[in-house]
There are 2 protein chains.
Amino acid sequence: MTGAPSPQLPTFLRLIESDMAEVERRLRTIGEDDFPWLDELLRYILATPGKRARPAVTLLTGHLFSFNTDVHIPMAIAVELLHTASLVHDDSVDRAPLRRGTATIHSRYGDAVALLLGDYLFASSAEMVCATNNVRVISLFARTLRLLADGELREIQHAFDWTGGEEEYWARVERKTASLFTTAAVSGAVLGGASEAEIDAVTQYSMSLGTAFQVIDDILDLQGDAAEVGKPIGSDLRGGILTLPALLYLRQRPELRARGPFARLRDERAAMPDAEKEQCIEEALTLIRDSDAVESSYAVANTLAERAREALRSIKRPGNSALQSLTGIIDFVVERRA
Amino acid sequence: MTGAPSPQLPTFLRLIESDMAEVERRLRTIGEDDFPWLDELLRYILATPGKRARPAVTLLTGHLFSFNTDVHIPMAIAVELLHTASLVHDDSVDRAPLRRGTATIHSRYGDAVALLLGDYLFASSAEMVCATNNVRVISLFARTLRLLADGELREIQHAFDWTGGEEEYWARVERKTASLFTTAAVSGAVLGGASEAEIDAVTQYSMSLGTAFQVIDDILDLQGDAAEVGKPIGSDLRGGILTLPALLYLRQRPELRARGPFARLRDERAAMPDAEKEQCIEEALTLIRDSDAVESSYAVANTLAERAREALRSIKRPGNSALQSLTGIIDFVVERRA
């Protein structure tokens, strides 16, 4: 796998092309010299090219202020490792068979390996963030680690318990998705010597961006192309999670909380044969797809994207090309199909 | 569980009685204000009083040099949280039903909860260690997190594959047990302003202490009292792990690597009914117990203990009562029955 090509960067990321190549190169060196099996596991999970959106955000906020290879590269690697660690754990928790079109670690190597490999990745990311030598950034990182676990715990607590509604949904999204985008962006800004006002603007930008990212993820889980998305469609509902489109749909049709496919899935799933359960999920998905809930969800994502753009506009660094690239990331996030 | 009493401290720990009470008090405040279910999980795992040997070591090395409540208390809490997190994950990996006489998290709440609660505890410990504001200590901590996962991965890779022998055993013990004792001790010393020579001595002390701790653990798993130890006897062998007494025994009887209960357990376990497997384990345990391998293992533990005492003697802080307490911990570790 050592010869695997780096993922193709979109044109708006030209500015960080060589930085990203360095991140990819150093991601391939994570591991222990005397432990080839671990190496195999790490190459398996780190060589599957993802979108690398989070490290790109760190590098770009670095360039927006004052870029320093010695701290921004390790920080970008730490952010990607933390993201990968949480994917390995979450996929095991969610029993997801596929990720980016490839078998997940737990489905290929078992739950014990997924758990320990995730721990190893968390630890490697923590060591990487220590290389920044900046306690503010390290603390932010540790807090994010806690929020990610907190968000996932809330998700499994509320599986098939839909009383929390939209409030619980936003609390979860903030923790399990937006928090990592925020750390990615804010750490780049802090390490780049941004002012507190600029750090506030970057916080606004990344919270809105990360939240929009999750809303689009929800939409893709509902109506994406399974081959493009790289995992089965409808997995949120299958796992008992009501995402934004489902919540918006049920807001219009409150009676469906008591009867119909949603209610049956919640109340009778234990007694249902698998085929019947899948049919129930398909019915529920069709109801949402045929409503305007998807369109409304896109509208929410666009509002969030506009909020992110606004935050960037408040940063006065005229002629800075990183600012343009950070705007490009917003468009990329809301327009993506996978 | 809020009224649960603090564990009784042995007399040689009088010096840190009030510090330990503060550690216990603050361990009970870990959690999220708006998430009662998480609170229940955290109280369940943090209120079961353990030996608290590791935070005691941190506090005592602090007192040996220059104790500072603001950094040594958070560090002691971080060390205990890290230890607890790794127990939650390891018990899930090892399918252990009991710990300290109480149902383990995964057996009571399921694997998904054990995974995420462990992550939450890792994160909380990382946040706590950031409160020391000392990057050297934070880096040491992150490295330990990596070594713990590395050690466990080596253990599951070598389960029922006993070709690595004693060399692989010591590599594993260094990572999965000694590393955390070392971090506990060295962080206390660094935060207490010890000299580099003193830090070296503390490193020697804690590596020997931690290694002795694991050797005694191995012996207790072989011949302890299940009720006192708080978990079933023979669980290492059941999980395919050869511990020091088993390795020393097989060194004397190399032919048993090819036939007899050890070889059958390794080669035929998949085909054996559970009762037959248990009988095989009992036979193997009896063989070890009836040999001098247990006595030889105690001798190894005592040699390690003497090495730890020697390291303490090299530290010239005459009249310092922490030095006496740290010696007391050595005796406690090698004489313990649970």
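The values are calculated or read from the model by the stated rules, or taken from the named source; none is laboratory data. In this text the structure is predicted, and so the values were computed from the model without any measurement. Note that we place each Cβ from the backbone using ideal geometry, even for glycine, and neighbour counts take in every protein chain shown. The protein model used for the area step is the full one, side chains on, heavy atoms only, and it has no ligands, DNA or RNA in it. Shrake-Rupley method; radii C 1.70, N 1.55, O 1.52, S 1.80 Å.
Numerical summary
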read-out	value
Top-ranked residue in segment B:27-50 [being over 17 Å from B:Asp119 (Cβ atoms) and of a type outside the set (D, E, K, R); ranked as farthest from the chain's Cα centre (by Cα)]	B:Pro36
Selection status of A:Gly101, more than 9 Å from every other protein chain (Cβ to nearest Cβ) and under 18 Å from the mean Cα position of the chain (by Cα)	yes
Segment B:281-311, residues that are loosely packed, with under 14 Cβ neighbours inside 10 Å and of a type in the set (A, V, I, L, M, F, W, C)	B:Ala299
Number of the exception - A:Leu180 against (1) open to solvent by less than 20 Å² (accessible area, probe 1.4 Å); (2) within 12 Å of chain B (Cβ to nearest Cβ); (3) out of contact with any Phe, Trp or Tyr (no Cβ under 8 Å at 6 or more places or on another chain); (4) not acidic (Asp, Glu)	(2)
Residues satisfying the stated conditions in segment B:23-61, i.e. more than 14 Å from every other protein chain (Cβ to nearest Cβ) and of a type in the set (Phe, Trp, Tyr)	none
Test for A:Arg238: is it more than 24 Å from B:Leu145 (Cα to Cα), more than 16 Å from the chain's Cα centre (by Cα) and either acidic (Asp, Glu) or open to solvent by 10 Å² or more (accessible area, probe 1.4 Å) (or both)	yes
A:Arg269 touching a Gly at 6+ places or on another chain (Cβ under 9 Å) and modelled with pLDDT under 95	yes
Contacts under 6 angstrom Cβ, first residue in segment A:221-240 being farther than 15 Å from A:Pro97 by Cα, partner open to solvent by 60 Å² or more (accessible area, probe 1.4 Å) and assigned to a helix (DSSP H, G or I), 6 or more apart	A:Gln223/A:Arg289
Of residues in segment B:156-177 being over 24 Å from B:Val202 (Cα atoms) and within 9 Å of chain A (Cβ to nearest Cβ), the one most open to solvent (accessible area, probe 1.4 Å)	B:Gln157
Only listed residue being hydrophobic (A, V, I, L, M, F, W, C), assigned to a helix (DSSP H, G or I) and in contact (Cβ under 8 Å) with a residue 24 or more places away in the chain, chosen from B:Ala212, B:Ala194, B:Ala149, B:Ala171	B:Ala212
Segment A:312-322: number of residues that are open to solvent by 30 Å² or more (accessible area, probe 1.4 Å) and either in contact with a strand residue (DSSP E or B) (Cβ under 7 Å, 6 or more places away or on another chain) or under 18 Å from A:Ser195 (Cα atoms) (or both)	6
Segment B:109-124, subset touching a residue at least 60 places away in the same chain (Cβ under 8 Å) and over 28 Å from B:Ile73 (Cβ atoms), residue nearest to the other protein chains (Cβ to nearest Cβ)	B:Val113
The one condition in (1) in a helix (DSSP H, G or I); (2) touching a Gly at 6+ places or on another chain (Cβ under 8 Å); (3) among the aliphatic types (A, V, I, L, M) that A:Ala159 fails to fulfil	(1)
B:Ala185 being open to solvent by 10 Å² or more (accessible area, probe 1.4 Å), away from chain A (no Cβ under 14 Å) and in contact (Cβ under 8 Å) with a residue 40 or more places away in the chain	no
Residue list for segment B:125-148, filter: of a type in the set (Lys, Arg) and more than 7 Å from chain A (Cβ to nearest Cβ)	B:Arg136
Total residues in segment B:188-212, condition farther than 30 Å from B:Glu295 by Cα, among the hydroxyl-bearing types (Ser, Thr, Tyr) and open to solvent by less than 10 Å² (accessible area, probe 1.4 Å)	0
Residue selected from segment B:7-17 under the condition assigned to a helix (DSSP H, G or I) and open to solvent by 90 Å² or more (accessible area, probe 1.4 Å), by the criterion nearest to the other protein chains (Cβ to nearest Cβ)	B:Glu17
Verdict on A:Ala293 being small (Gly, Ala, Ser), more than 22 Å from A:Asp90 (Cα to Cα) and in contact with a helix residue (DSSP H, G or I) (Cβ under 6 Å, 6 or more places away or on another chain)	yes
Residue in segment A:129-147 that is touching a strand residue (DSSP E or B) at 6+ places or on another chain (Cβ under 9 Å) and under 30 Å from A:Pro232 (Cβ atoms) present	no
Test for A:Glu80: is it modelled with pLDDT under 95, out of contact with any strand residue (DSSP E or B) (no Cβ under 8 Å at 6 or more places or on another chain) and within 22 Å of A:Tyr120 (Cα to Cα)	no
